[in-house]
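The structure under discussion appears below in the form of structure tokens.
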Amino acid sequence: MALRLSGGGASGSGIGRTKVGRYELGRTLGEGTFAKVKFARNTETGENVAIKILDKEKVLKHKMIGQIKREISTMKLIRHPNVIRMYEVMASKAKIYIVLEFVTGGELFDKIPENLLLDANGVLKVSDFGLSALPQQVREDGLLHTTCGTPNYVAPEVINNKGYDGAKADLWSCGVILFVLMAGYLPFEESNLMALYKKIFKAEFTCPPWFSSSAKKLIKRILDPNPTTRITIAEVIENEWFKKGYKPPTFEQADVSLDDVDAIFNESGDSPNLVVERREERPPVSLNAFELISKSQGLNLSSLFEKQMGLVKRETRFTSKCPASEIISKIEEAAVPLGFDVKKNNYKLKLQGEKTGRKGHLSVSTEVFEVAPSLCMVELRKAGGDTLEFHKFYKNLATGLKDVVWKTGDEAKEEANDGSQRSQLSRLSSLLSLSLTTTTTATMPAAAAAAISSLCFCSHNPSPQPSSSHQTNNIQLTTKPKTSLQKHPLYQPANSNLSFQFKEKILCLEIMGVDSGKALSVNPSLHSASLHSIHSIISFLQSKGIHQKDMGRIFGMCPQILTSDIKSDLIPVFNFLFHDLRVPETNFRSVINKCPRLLASSVRDQLKPALFYLQRLGFRDLKALAYQDPILLVSSVENTLIPKLDYLGELGFSRNDAVGMVLRCPTLFTFSIENNFKPKFEYFDKEMGGRLEELKEFPGYFAFSLEKRIKPRHTEVVESGVKVPLPLMLKSTDEEFRELIRRGGG
């Protein structure tokens with residue numbers, strides 16, 4: 001019963017409140033199939049807590065009483081610094097309330113099960129014990145027989161369904177988590193479940209090259225498919241690699257009674273744990289400035305109100321100047337035609353998809369908050385189902401809410417410009433299609449030139465479309481086109497056997513400024529790619545803020561992008577920029593223009609492993625990685641990054657010194673060992689008689705040209721007989737350098 005938790009926990013300050021016992025309930029933090037988690041405040045102590053609320057009817061209907069009792073019992077029995085603390089459990093006639101420690105640090109890692117959280121101090125907290133086992137569940141053979149858990153993390157003996165030792169199976173899952181923390185991806189991952197189980201049974205995985213030999217040995221012993229030979233927890237604790245920095249947890253001893261666990265299902269009414277949920281009808285919850293900020297990450301409000309058609313994760317918000325009642329009505333009107341049932345509760349909506357998706361029915365929770373008397377904030381949150389399906393639903397819903405969403409002047413202007421560009425592209429597409437289907441091979445150059453002229457200058461001097469095919473040659477070019485295909489070999493009579501579709505594709509590339517010959521050579525798949533698929537990729541990139549004028553350079557550098565799959569290749573890259581590098585959508589263009597190769601890189605196999613490796617080295621500034629050094633993210637860890645550090649080690653630098661050098665001068669990772677490091681170090685060592693300490697302090701030495709800067713400056717220094725520090729010798733301008741020589745050095 002894992003619950004996805006979201007954002008901060010401000011409770012709002014509306015006229016009415018919902019109280020359960022001594023707790024005042026606030027906003028929903030997360031929702032699962034059978035439960036939801038709400039932020040709450042203890043009115044007696046002022047302490048913030050999280051309350052997990054379960055519907056008794058659903059629990060009984062799905063025969064989950066035993067599981068709920070087990071979860072509560074487990075959390076009551078465990079007093080551990082890395083386990084979410086359960087304060088108390090209460091029940092009403094219809095609901096069960098589990099009062100828990102409120103954790104604010106978010107989830108540990110996107111790939112790790114959602115029941116692993118971090119508190120404000122970065123301490124790991126395990127939060128969900130719905131599938132835990134107690135000693136009473138062990139059968140006569142001494143083994144457990146309940147198959148449960150997230151497939152990628154489950155031990156092979158659990159899948160085998162012949163009984164398993166719970167501690168050994170848990171250790172396997174811990175090994176998978178350890179692998180993900182160090183590698184940035186799962187050791188066992190397949191879209192096909194049977195293929196995944198096959199890999200798990202054989203323990204088919206490979207450790208990335210940056211794992212130390214000690215770490216590799218430990219992980220391979222933990223991920224041993226044979227539970228009888230698998231390392232034990234006691235042996236792990238004694239492992240030398242594991243003991244580095246390990247601090248044993250301090251356990252809190254407490255006398256715990258489980259007598260009240262049964263009481264929550266007691267309908268007699270005499271249970272001390274029985275409470276009543278009191279609610280008052282109220283207008284939209286009002287948010288003050290502090291509560292508004294608490295809904296954002298840190299104190300940054302830029303991510304609070306997202307663009308309506310932009311990237312969303314599991315929740316999003318928009319603002320509106322319409323009355324709350326009108327907003328609710330408009331959302332209902334837009335959702336029903338999309339196949340959603342709507343349930344209203346004051347200024348909250350629950351939208352339930354009628355069709356079954358990849359992960360069941362899509363469920364969306366909506367709430368309207370009053371920010372000011374004339375301004376509301378609307379929050380939409382995925383409560384169940386698939387996240388990608390939520391994205392699609394949100395995009396369709398937003399189309400029907402255009403009259404409701406409040407746009408600033410700049411946003412309205414930007415939307416108008418986008419509409420103008422789409423209209424222009426549509427017109428150009430029609431003109432291209434017309435020119436390529438109404439002319440013979442002999443008249444093709446004129447038609448092509450006319451199309452190009454229209455593309456480059458139609459916003460200034462729009463040319464009327466020809467009324468018939470016989471008039472095509474009479475189109476007058478009022479302005480010289482940026483490129484001309486009149487002499488392109490593909491349009492000569494000798495190549496008349498080429499299809500119009502292929503020529504149309506070539507024309508499209510040339511219009512964008514892409515060398516079609518080079519593109520087809522680098523990416524042969526372009527030969528069979530449809531013009532429609534190319535247009536789809538262009539449109540998608542434009543939706544992400546990439547300008548049409550950028551396309552030529554981007555596709556020219558990486559023609560592979562033209563045949564990439566939007567869903568499996570491009571969307572993950574933008575998700576990576578947004579979620580992993582914290583790049584706002586408005587800055588996608590600058591990052592992509594800085595390094596177009598990002599769009600041609602696999603997130604799973606390249607970008608995430610590279611980011612994880614760089615962060616382990618000490619690259620903490622995500623902004624610098626995104627805007628200044630994105631080239632490092634598309635560099636192979638195994639073939640590029642690690643060999644550079646190894647080479648610096650061969651020169652005599654310690655590991656720490658080498659890492660310090662690349663942190664100060666990240667471009668070191670981009671230099672060739674054969675063409676840069678070796679000749680420059682040889683000159684530094686033999687001709688300049690330099691010391692390693694100088695390069696350690698000034699790694700930027702390798703960034704200067706050997707022939708144009710290093711040799712001439714060094715020669716002049718030697719001839720003048722003065723001493724000039726290495727950084728001054730190379731970094732100073734010619735004028736400053738002459739002055740240094742004249743004054744006798746630095």
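Scanning the stretch 664-697 for residues that are over 26 Å from E638 (Cα atoms) and open to solvent by less than 40 Å² (accessible area, probe 1.4 Å) turns up Y683, F684, G690. Within the stretch 224-246, the set of residues being open to solvent by 40 Å² or more (accessible area, probe 1.4 Å), in contact with a Phe, Trp or Tyr (Cβ under 9 Å, 6 or more places away or on another chain) and farther than 19 Å from C207 by Cβ comprises just one member, I237. Of F698, F671, all but one fail to be of a type outside the set (S, T, N, Q) and touching a Leu at 6+ places or on another chain (Cβ under 8 Å); the exception is F698. I'm checking my understanding of the structure. Among residues of the stretch 266-279 that are at pLDDT 70 or above and of a type outside the set (A, V, I, L, M), which one is surrounded by the fewest Cβ atoms within 10 Å (Cβ to Cβ)? For the stretch 266-279, the residue satisfying everything is R278. Tell me whether the stretch 716-731 contains one or more residues that are charged (D, E, K, R), assigned to a helix (DSSP H, G or I), modelled with pLDDT under 95 and farther than 28 Å from Y627 by Cβ. Scanning the stretch 716-731, I find at least one residue that is charged (D, E, K, R), assigned to a helix (DSSP H, G or I), modelled with pLDDT under 95 and farther than 28 Å from Y627 by Cβ, so the answer is yes. Please verify whether the stretch 46-55 includes one or more residues that are crowded, with 19+ Cβ neighbours inside 10 Å, in contact with a Ser or Thr (Cβ under 6 Å, 6 or more places away or on another chain), of a type outside the set (D, E, K, R) and in contact (Cβ under 8 Å) with a residue 24 or more places away in the chain. No, the stretch 46-55 contains no residue that is crowded, with 19+ Cβ neighbours inside 10 Å, in contact with a Ser or Thr (Cβ under 6 Å, 6 or more places away or on another chain), of a type outside the set (D, E, K, R) and in contact (Cβ under 8 Å) with a residue 24 or more places away in the chain.
Considering the conditions (1) modelled with pLDDT of 70 or more; (2) open to solvent by less than 60 Å² (accessible area, probe 1.4 Å), A254 is excluded by exactly one of them, (1).
Within the stretch 549-593, being assigned to a helix (DSSP H, G or I), aliphatic (A, V, I, L, M), open to solvent by less than 50 Å² (accessible area, probe 1.4 Å) and touching a residue at least 40 places away in the same chain (Cβ under 8 Å) holds for I554, L562, L577, I592. Among residues of the stretch 697-710 that are free of Cβ contacts under 8 Å to residues at least 12 places away in the same chain and closer than 18 Å to E687 by Cβ, those with a beta-carbon under 9 Å from a residue that is surrounded by fewer than 17 Cβ atoms within 10 Å (Cβ to Cβ) and of a type outside the set (A, V, I, L, M) at least six positions away or on a different chain give the pairs S705/K711.
Pairing residues of the stretch 666-677 that are on the phi < 0 side of the Ramachandran plot and touching a residue at least 12 places away in the same chain (Cβ under 8 Å) with residues that are open to solvent by less than 40 Å² (accessible area, probe 1.4 Å) and of a type in the set (A, V, I, L, M), at Cβ distances under 7 Å and at least 6 apart in sequence or on separate chains, gives P666/L632; L668/M661; L668/V662; F669/L632; F669/L641; F669/V662.
Among residues of the stretch 628-660 being part of a loop (DSSP other than H, G, I, E, B) and over 24 Å from the mean Cα position of the chain (by Cα), the one that is surrounded by the most Cβ atoms within 10 Å (Cβ to Cβ) is F653.
Across the stretch 204-223, the qualifying residues are those that are farther than 13 Å from P187 by Cβ and part of a loop (DSSP other than H, G, I, E, B), and the one among them that is least open to solvent (accessible area, probe 1.4 Å) is W210.
The values are calculated or read from the model by the stated rules, or taken from the named source; none is laboratory data. Computed from a predicted structure; not experimentally measured. Cβ sites come from the backbone with ideal geometry, for glycine too, and all protein chains shown count toward neighbours. We work out accessible area using only protein heavy atoms, side chains counted, and drop any ligands, DNA or RNA first. Shrake-Rupley method; radii C 1.70, N 1.55, O 1.52, S 1.80 Å.
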